[in-house]
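Right, one structure below, let's go through it.
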Amino acid sequence: MIKVTIWNEYVHERQEGAAGDRIRAIYPNGIHALLKEKLAADDLEIRIASLDEPEQGLPDSLLNDTDVLLWWGHCAHAKVENELVDRIQARVLAGMGLIVLHSGHVSKIFRRMMGTSCTLHWREVGEKERLWVVAPNHPITQGVPETFTLPHSEMYGERFEIPDDGKIIFLSWFEGGNVFRSGVTFFRDNGKIFYFSPGHETYPIYHDENVLKVIGNAIRWAAPIQIIPPRKTQLPEPDETVYSKDPNKDIDTSSLHK
Ligand code: ZN
């Protein structure tokens, strides 16, 4: 069983007024609850967590029992404690998979793992998005058609400020002409990371079968083979004999500055 935790800031779905009503019609119990329901499978043990819970939803007892963490956030990125970001980062470096969705591109944890600003162009006019598989032999694209469309999406466009060591899995084209690296994988120490951009809260994107297939595949790809705790890195005793070994050896520097 892969232990999956779906974390959602869970703010937009609870806002008052017409905007909140529109989102609640799509995600009555939150994006995280809908994803849990839609991704349910015999090989997955799925838990959900949100920002308003104790320890912002991720106490060590849950985080350290998580194989793959999904992250959805938008308007509350700044409220996530740096101490939590430290703990998640350490867990990813040890081997936990991390799947960052949509506006999580500027979450503290994604920026921390990337080391870049992760900014992009965006526009919210409900235009069509067409995704293309560019890595057909990758585990994340199995069972996904070569191309599929989302009738209404928020435009995310290049330049996307992510490091160039990412492997591009999906490319998106938008009705307005923009293009975007919409699915990208990274390795950080022992952890696997997948960023997947579709998922704006006012469109029913996490009801789409292709999108769900991608996320389900990504969970299984990102699951750790093993969790590797921090290493002791100093090796004072070599495995082979070092004949010149002498920590107090004087180095002749007299000729260096002539
Ligand atoms: Zn959005």
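Only the coordinates and a few stated rules stand behind these numbers; no lab work does. All of these numbers come straight from a predicted model, not from anything done at the bench. Glycine also receives a Cβ, built like all others from the backbone with ideal geometry; neighbour counts cover every protein chain displayed.
Details
- Pairs of alpha carbons in the chain whose separation is greater than 22 Å (percent): 58 percent
- Taking amide H positions as modeled 1.01 Å from N, with prolines and chain starts lacking one, the residues under 5 Å from G157 and 5 or more places away or on another chain are H121, W122.
- Hypothetical label at R159: residues of the range 84-118 whose amide nitrogen lies under 17 Å (7 Å Cα-Cβ projection): 115-118
- In summary, the lysines within cross-link reach of K258, defined as a Cα separation below 25 angstrom excluding same-chain residues under 8 places away, comprise K249.
- Once both labels are positioned 7 Å from their Cα atoms along Cα-to-Cβ, the gap between I225 and E53 label points is 3.1 nm.
- Cβ-Cβ FRET estimate between K79 and E16, R0 fixed at 22 Å, reported to 0.05: 0.70
- Contour minus Cα-Cα distance for R112 and E209 (0.36 nm per residue): 31.9 nm
- Residues K128, K36, sorted so that the one with the fewest Cβ neighbours within 10 Å comes first: K128, K36
- The simple Förster model, with R0 at 35 Å and r as the Cβ-Cβ distance, assigns K38 and W122 a FRET efficiency of 0.90.
- Of the residues S61, G17, A33, the one whose Cα sits farthest towards the positive end of the charge dipole of the range 9-70 is G17 (charges of +1 on Lys and Arg Cβ, -1 on Asp and Glu Cβ, taken about the Cα centre).
- Karplus 3J(HN,Hα) series, Hz, for the range 48-64 with 6.51 cos²θ - 1.76 cosθ + 1.60 (x for Gly, Pro): 10, 8, 9, 4, 7, 7, x, 6, 6, x, 10, x, 3, 4, 8, 4, 7
- Normalised by 2.2 N^0.38 Å, where N is the number of residues, the C-alpha radius of gyration of the range 133-224 stands at 1.06.
- Mean sequence separation of contacting Cα pairs (under 8 Å, at least six apart), scaled by the length of the chain, corresponds to a relative contact order of 19 percent.
- Dipole axis of the chain (+1 Lys, Arg; -1 Asp, Glu on Cβ), positive-most option in F148, I215, S103: F148
- Karplus (6.51, -1.76, 1.60) ³J(HN,Hα), θ = phi - 60°, over the range 120-133, in Hz, Gly and Pro reported as x: 7, 7, 8, 7, 10, 10, x, 6, 6, 10, 10, 9, 10, 6
- Where labels lie 7 Å past Cα in the beta-carbon direction, separation of S61 and I168 in nm: 4.6 nm
- The range 166-184 and the range 7-23: distance between their alpha carbon centers, rounded to Å: 27 Å
- Loop GluC sites (Glu not before Pro), the range 1-70, which have at most 10 other Cβ atoms in a 10 Å radius of their Cβ (DSSP): E16
- Springs join every pair of Cα atoms under 10 Å in this Gaussian network model of the chain, and among V211, V125, V11 the largest mean-square fluctuation is at V125.
- Here the range 67-158 is treated as a Stokes sphere of Kirkwood radius computed over C-alpha pairs; at 37 °C and 0.692 mPa s its diffusion coefficient rounds to 216 µm²/s.
- Here the Kirkwood formula, the inverse mean of 1/r across different C-alpha pairs, assigns the range 1-57 a hydrodynamic radius of 12.1 Å.
- Computed E for E45/E175 - FRET, C-beta separation, R0 30 angstrom, nearest 0.05: 0.15
- Residue-wise HN-Hα coupling along the range 195-207, computed from phi with Karplus coefficients 6.51, -1.76, 1.60 (Hz; x: Gly, Pro): 9, 9, 7, x, x, 5, 5, 8, 10, x, 5, 7, 9
- For the chain, the dipole from Cβ point charges (+1 on Lys and Arg, -1 on Asp and Glu) about the Cα centre works out to 320 debye, to the nearest 20.
- K192 long-range amide H proximity, modeled H, under 5 Å: G97, L98
- Of the cross-linked pairs K79/K108; K192/K213; K3/K36; K36/K108; K38/K213, those separated by over 21 Å at the C-alpha level are K36/K108.
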